[in-house]
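Q: Would you mind keeping the following structure in view while I ask a few things?
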Amino acid sequence: MYTTSNYYQIDRSKWKTFHEESIPLISEQKIESLTSLNDKLSVEDVRDIYVPLVEMIDLYQKNYRKLRKMKSNFLGYPYEPAPLMIGITGSVAVGKSTTARVLQNLLQKFYPDKNIAMMTTDGFLYPNAHLIENGILGRKGFPESYDMERLIEFLLDVKTGKRHVKSPVYSHHIYDIVPNEFDVVDRPDILIVEGINVLQLPSNQQIYVSDFFDFSIYVDADIENVEKWYLERFEMLMDRAKDHPDNYYYNYAIGDRQDAINMAKAVWRSVNLKNLEEYIAPTMTRADLIIHKSDNHFIDYLQIKKY
């Protein structure tokens, strides 16, 4: 939709030949645990798509370390290790989380002695109470619903080698930030950051989240497919919530199902589609790599930036 001539387009059949090293594949049982709700992932996907991707990231990793060491030597300063940061973005329901988890798992196999960490920017959403107070609960997921200053501070702390850096935890179970609960990142060698906003350029910041990334990925699909996956996921979340009164989706699960689906369709049109078209999709051409999905989450081609 927003791609340009600045990218090489590589079909799946060719991309899967781009690897030399032997990376242990993920078992089918492990794949199931890494796959997001209603996403699709197979052993063939791991072998054809993600193994070559890990080897390409290895090129970035080696050159990133080499350049930092050469720069330190040139300036006469001691070498200070810093993590390679990978940003992963795309629409809701497109499979960003699956991509992030699979990459983390494979990179850990590829670098058994390194610390491969992952986090999501969902934790930097403002709590629902703040969104309600400021009249923007209906724009949850839009740029103004995130505490970008806090997210940038987190990434800066990690990039500069601080120990035990905390990030807030978001729960899809309660649809809110979990009070007084944090994930901790402690000097990773590689940090994978997943979220719809990782390549956005908020106008109220002088430093952008994307400034911290050494490699970035956009997961893309036709809007019709993303809407279908979003609605499928909504129904699955309802099914899972029907015996859990504390779940955000419980009231939808015990009510009229068609009314709930109609509500989800309205939310897709007024919130998620609007956010995708206005704020997420325009960041696609800032990504180093675009992973394109067709029907049933099948990855049919990739696009790699030429420069």
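Q: Which shape class, rounded, prolate or oblate, goes with the stretch 43-115 when its Cα gyration tensor gives a ≥ b ≥ c as root eigenvalues, a/c under 1.5 marks rounded, and past that a/b bigger than b/c marks prolate?
A: Verdict is prolate for the stretch 43-115.
Q: Given a 10 angstrom Cα cut-off, can you work out which residue in Pro127, Pro112, Pro52 is the most mobile in a GNM of the chain?
A: Pro112
Q: Hey, rough spin-label estimate for Ser5 and Glu224, points 7 angstrom out along Cα→Cβ, what's it come to in nanometres?
A: 2.9 nm
Q: Something else: If I take every Cα pair under 8 Å that is 6 or more residues apart in the chain, average their sequence separation and divide by the length, what percent do I get for the relative contact order?
A: 27 percent
Q: If I compute log10 I(q)/I(0) by the Debye sum over Cα atoms at q = 0.12, 0.15 Å⁻¹ from the structure I just sent, which labelled value in (i) -0.85, -1.35; (ii) -0.88, -1.09; (iii) -0.78, -1.20 lines up?
A: (i)
Q: Okay, moving on. Taking a ≥ b ≥ c as the square roots of the eigenvalues of the Cα gyration tensor of the stretch 76-175, is the shape rounded (a/c under 1.5), prolate (a/b larger than b/c) or oblate?
A: oblate
Q: Here is a further query. Under a crude label model (7 Å from the Cα following the beta-carbon direction), how far is Ile254 from Asn115 in nanometres?
A: Using points 7 Å along Cα→Cβ, the separation is 4.5 nm.
Q: For the stretch 1-104, go through all pairs of different Cα atoms, get the mean of 1/r, take its inverse, and jot down that Kirkwood value in Å.
A: 16.3 Å
Q: Of the residues Ser97, Ser294, Ser72, which exhibits the maximal mean-square fluctuation in a Gaussian network model of the chain defined by a 10 Å Cα contact cut-off?
A: Judging by the Gaussian network model, the answer is Ser72.
Q: Can you list the chymotrypsin sites (Phe, Trp or Tyr not before Pro) in the stretch 13-104 that are in a DSSP coil and have 16 or fewer other beta carbons within 10 angstrom?
A: Here the chymotrypsin sites (Phe, Trp or Tyr not before Pro) that fit, given the DSSP loop and packing criteria, are Phe18, Tyr79.
Q: Taking the Cα centre of the stretch 8-305 as origin, work out the dipole magnitude from +1 charges on Lys and Arg Cβ and -1 charges on Asp and Glu Cβ, in debye rounded to 20.
A: Using only the charged Cβ atoms, the result is roughly 880 debye.
Q: Counting only protein heavy atoms and using a 1.4 Å probe, what share of the accessible area of the stretch 130-179 belongs to carbon plus sulfur, as a whole percent?
A: That fraction is 53 percent.
Q: Accessible area per residue for the stretch 8-305 in Å², computed with a 1.4 Å probe and the full protein assembly in place, what is it?
A: 50 Å²
Q: Report for the chain the percent antiparallel among DSSP-assigned beta bridges with both residues inside it, nearest 5.
A: Details: 17 of 37 bridges.
If we restrict to bridges inside the chain, about 45 percent are antiparallel.
Q: Moving on. Enter the Cα centre distance for the pair the stretch 83-125 and the stretch 258-307, rounded to the nearest angstrom.
A: The stretch 83-125 and the stretch 258-307 have Cα centres spaced 18 Å from each other.
Q: Highest first, please rank the peptides 131-137, 164-170 by the mean number of other Cβ atoms sitting within 10 Å of their residues.
A: Highest-to-lowest ranking by the protection proxy: 164-170, 131-137.
The values are calculated or read from the model by the stated rules, or taken from the named source; none is laboratory data. For clarity, every value in this text was computed on a predicted model and none was experimentally measured. Neighbour counts run over all protein chains shown; Cβ positions are idealised from the backbone, glycine included. In case anyone asks, the SASA skips ligands and DNA or RNA and just uses the protein heavy atoms, side chains included. Shrake-Rupley method; radii C 1.70, N 1.55, O 1.52, S 1.80 Å.
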